[in-house]
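Novice: I'd like to ask some things about the structure below.
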Amino acid sequence: MKSGQLSGVLEAVPLPLLLVGADERIVFANARAVSIFAKELNDRHYIAVLRHPALLDAIEVALQSGEPRQAIYLGSEAQKETTYLVRAVPVPDASGLSVLVSFEDQTEMQEAGNMRRDFVANVSHELRTPLTALLGFIETIRGAAREDPAARDRFLTIMRQEAERMNRLVHDLLSLSRVESSERVRPTELVDAVALLRSAITSLQQAAEDSDVTIEVTIEGKPHPVPGDADQLTQVFSNLLENAIKYGSKPGTVSVRVSETDEEPALRGPALRVDVRDEGEGIEPLHIPRLTERFYRVDSHRSREMGGTGLGLAIVKHIVNRHRGRLRIASESGKGSVFSVILPRS
């Protein structure tokens with residue numbers, strides 16, 4: 001194959017590629033490879049430009065032994081760390097032995113692995129705390145508190161609370177799993193979002209009264225139905241309202257506003273918007289981008305005391321994503337927070 005044809009073939013391959021000649025100089029680098037190293041590579045000695053020990057060792061061994069080698073290359077692109085699986089494969093040619101070096105992007109796979117490990121660690125931690133408490137109280141009841149009815153009743157009450165906390169965690173984990181499994185399937189059934197919202201408010205009315213919180217609802221116009229999953233949208237509204245009741249001021253007001261627009265820029269079309277506003281302490285800006293992460297809490301101790309699992313907003317985010325909508329969070333310290341769900345109308 002002629003040099004021009006070879007260059008054309010290597011340029012067409014969707015992987016970053018380098019061809020290192022027998023003289024240890026880079027014969028060709030396609031545009032994707034150049035973008036990784038952000039410098040001109042052709043006709044330069046590979047050691048002078050690559051400068052990554054594992055990568056250099058793999059190329060050197062492949063050139064000298066004629067055997068393929070692999071290495072991991074850690075780079076940085078657009079202020080983001082990247083991970084590449086590098087394969088150095090010997091290629092015989094007229095001048096001797098060249099090495100074709102390919103870079104396979106493993107960044108997303110690496111991130112997914114890290115997320116799985118973090119998820120398992122978080123779940124283990126969240127379950128270990130109530131389990132440890134339960135085991136401790138059981139031993140106490142079997143021992144020192146065996147003949148103390150008042151202490152036994154107090155410990156049993158705490159044990160019930162810890163068991164309920166584990167039950168909520170398992171319930172939210174199952175909900176999150178179901179939502180994630182159906183996230184790519186867009187709902188098509190038309191539902192009355194206002195009716196679902198009112199149903200969620202009714203179910204939380206007693207909790208609001210117990211917390212001395214008033215829920216005020218404003219419906220602008222007569223909103224159209226939206227394509228959606230009724231159960232999941234009810235869960236979204238319930239989670240947002242429950243958070244507003246828990247973390248808002250007491251006594252206080254949770255304001256719910258439903259409005260429509262014929263042209264929502266974020267969705268490029270008509271949309272229905274539900275705003276849930278509380279009068280709480282507000283959230284510092286540094287926390288807002290992470291609120292929908294699994295198990296992320298602004299105040300871990302307070303959240304656990306109030307029965308939070310750290311999964312509610314993650315569930316909300318996935319449900320809204322399934323509906324091709326948007327979740328917006330606005331807050332200022334001392335001025336409360338607004339959680340907005342924007343759903344496409346068609």
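The values are calculated or read from the model by the stated rules, or taken from the named source; none is laboratory data. Small disclaimer: the values here were computed from a predicted structure and weren't measured. FYI the Cβ positions are ideal-geometry reconstructions off the backbone, even for glycines, and counts take in every protein chain you see. We work out accessible area using only protein heavy atoms, side chains counted, and drop any ligands, DNA or RNA first. Shrake-Rupley method; radii C 1.70, N 1.55, O 1.52, S 1.80 Å.
Novice: Can you tell me which residues in the range 226-244 are crowded, with 23+ Cβ neighbours inside 10 Å, part of a helix (DSSP H, G or I) and of a type in the set (Val, Ile, Thr)?
Specialist: Passing the criteria: only Val236.
Novice: Another question, if that's okay. Restricting to the range 313-346, what's the tally of residues that are in a loop (DSSP other than H, G, I, E, B) and modelled with pLDDT of 90 or more? Quick ask: steps written out before the conclusion?
Specialist: Applying the first criterion (in a loop (DSSP other than H, G, I, E, B)) to the range 313-346 yields 323-325, 332-336, 345-346.
If we keep only those that are modelled with pLDDT of 90 or more too, we end up with 323-325.
The number of residues fulfilling the criteria is 3.
Novice: Report whether or not Ile245 is more than 20 Å from Arg322 (Cβ to Cβ), among the hydrophobic types (A, V, I, L, M, F, W, C) and under 22 Å from the mean Cα position of the chain (by Cα).
Specialist: Values: more than 20 Å from Arg322 (Cβ to Cβ): yes; among the hydrophobic types (A, V, I, L, M, F, W, C): yes; under 22 Å from the mean Cα position of the chain (by Cα): no.
No.
Novice: Next up: Residue pairs, Cβ under 7 Å, 6 or more apart or interchain, first in the range 184-206 and more than 20 Å from Ile342 (Cβ to Cβ), second open to solvent by 50 Å² or more (accessible area, probe 1.4 Å) and at pLDDT 90 or above. List them.
Specialist: Qualifying pairs under 7 Å: Leu204/Glu242.
Novice: A further question follows. For a quick check of your reading of the model, give me the residue pairs whose first member lies in the range 1-12 and is at pLDDT 60 or above, whose second is outside any helix (DSSP H, G or I) and not small (Gly, Ala, Ser), with beta-carbon atoms closer than 6 Å and at least 6 apart or on different chains.
Specialist: From the range 1-12, the pairs are Ser7/Phe28; Leu10/Leu17; Leu10/Phe28; Leu10/Asn30; Glu11/Asn30.
Novice: Determine if the range 250-261 includes at least one residue that is assigned to a helix (DSSP H, G or I), hydrophobic (A, V, I, L, M, F, W, C) and at pLDDT 85 or above.
Specialist: no
Novice: Restrict the check to the range 163-186 and report whether at least one residue is open to solvent by less than 40 Å² (accessible area, probe 1.4 Å), closer than 23 Å to Gly310 by Cβ and β-branched (Val, Ile, Thr).
Specialist: Within the range 163-186, one or more residues are open to solvent by less than 40 Å² (accessible area, probe 1.4 Å), closer than 23 Å to Gly310 by Cβ and β-branched (Val, Ile, Thr).
Novice: Looking only at the range 58-88, how many residues end up being of a type in the set (A, V, I, L, M, F, W, C), in contact with a helix residue (DSSP H, G or I) (Cβ under 7 Å, 6 or more places away or on another chain) and either open to solvent by 50 Å² or more (accessible area, probe 1.4 Å) or without any contact (Cβ under 8 Å) to a residue 12 or more places away in the chain (or both)? Break it down stepwise before answering.
Specialist: Initial filter on the range 58-88 (of a type in the set (A, V, I, L, M, F, W, C)): 58-59, 61-63, 71-72, 74, 78, 85-86, 88.
Remaining after also requiring in contact with a helix residue (DSSP H, G or I) (Cβ under 7 Å, 6 or more places away or on another chain): 59, 71-72, 86, 88.
If we keep only those that are either open to solvent by 50 Å² or more (accessible area, probe 1.4 Å) or without any contact (Cβ under 8 Å) to a residue 12 or more places away in the chain (or both) too, we end up with 72.
So the count comes out to 1.
Condition check ((1) of a type in the set (A, V, I, L, M); (2) assigned to a loop (DSSP other than H, G, I, E, B); (3) within 15 Å of Glu242 (Cβ to Cβ)) across all residues:
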{"site": "Asn167", "(1), (2), (3)": "no, no, no"}
{"site": "Asp172", "(1), (2), (3)": "no, no, yes"}
{"site": "Leu176", "(1), (2), (3)": "yes, no, no"}
{"site": "Val179", "(1), (2), (3)": "yes, no, no"}
{"site": "Ala195", "(1), (2), (3)": "yes, no, no"}
{"site": "Ala200", "(1), (2), (3)": "yes, no, yes"}
{"site": "Val217", "(1), (2), (3)": "yes, no, no"}
{"site": "Lys222", "(1), (2), (3)": "no, yes, no"}
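Novice: Then there is this: For the range 220-242, state whether one or more residues are within 26 Å of Ser331 (Cα to Cα) and basic (Lys, Arg).
Specialist: Within the range 220-242 (the criterion being within 26 Å of Ser331 (Cα to Cα) and basic (Lys, Arg)), the answer is no, since none of the residues qualifies.
Novice: Another one. Can you tell me how many residues in the range 187-201 are open to solvent by 70 Å² or more (accessible area, probe 1.4 Å) and closer than 16 Å to Val274 by Cβ?
Specialist: The first filter runs over the range 187-201 and keeps only residues open to solvent by 70 Å² or more (accessible area, probe 1.4 Å), leaving 188-190, 192, 198.
Still in the list and also closer than 16 Å to Val274 by Cβ: 192, 198.
Total meeting the criteria: 2.
Novice: Also, I was wondering about something else. Looking only at the range 284-297, filter to residues that are in a loop (DSSP other than H, G, I, E, B) and basic (Lys, Arg); which one of those is surrounded by the most Cβ atoms within 10 Å (Cβ to Cβ)? Walk me through it before giving the result.
Specialist: Here is the first cut: in the range 284-297, the residues in a loop (DSSP other than H, G, I, E, B) are 284-287, 291-297.
Remaining after also requiring basic (Lys, Arg): 294, 297.
Working: Arg294: 19, Arg297: 17.
Only one residue fits best here, namely Arg294.
Novice: Are any residues in the range 11-39 surrounded by fewer than 20 Cβ atoms within 10 Å (Cβ to Cβ) and among the aromatic types (Phe, Trp, Tyr), and if so, which ones?
Specialist: Phe37
Novice: Determine which member of the set Glu162, Glu147 is farther than 30 Å from Pro16 by Cα, free of Cβ contacts under 8 Å to residues at least 12 places away in the same chain and of a type outside the set (Phe, Trp, Tyr). Talk me through it step by step, then tell me what you get.
Specialist: Values: Glu162 fails: free of Cβ contacts under 8 Å to residues at least 12 places away in the same chain.
Being farther than 30 Å from Pro16 by Cα, free of Cβ contacts under 8 Å to residues at least 12 places away in the same chain and of a type outside the set (Phe, Trp, Tyr) holds for just one of Glu162, Glu147, which is Glu147.
Novice: Further, regarding this structure: Specify the residue that is most open to solvent (accessible area, probe 1.4 Å); the eligible residues are those in the range 268-283 that are in a loop (DSSP other than H, G, I, E, B) and within 17 Å of Val254 (Cβ to Cβ).
Specialist: Restricting attention to the range 268-283, the residues satisfying the condition of being in a loop (DSSP other than H, G, I, E, B) are 268, 278-283.
Filter once more, keeping what is within 17 Å of Val254 (Cβ to Cβ): 278-283.
Values: Asp278: 16, Glu279: 95, Gly280: 10, Glu281: 128, Gly282: 28, Ile283: 22 Å².
Applying the filter and picking the extreme gives Glu281.
Novice: Restricting to the range 40-57, and then to whatever is in contact with a Phe, Trp or Tyr (Cβ under 9 Å, 6 or more places away or on another chain) and part of a helix (DSSP H, G or I), can you tell me which residue is surrounded by the fewest Cβ atoms within 10 Å (Cβ to Cβ)?
Specialist: The extreme case among them is Ala54.
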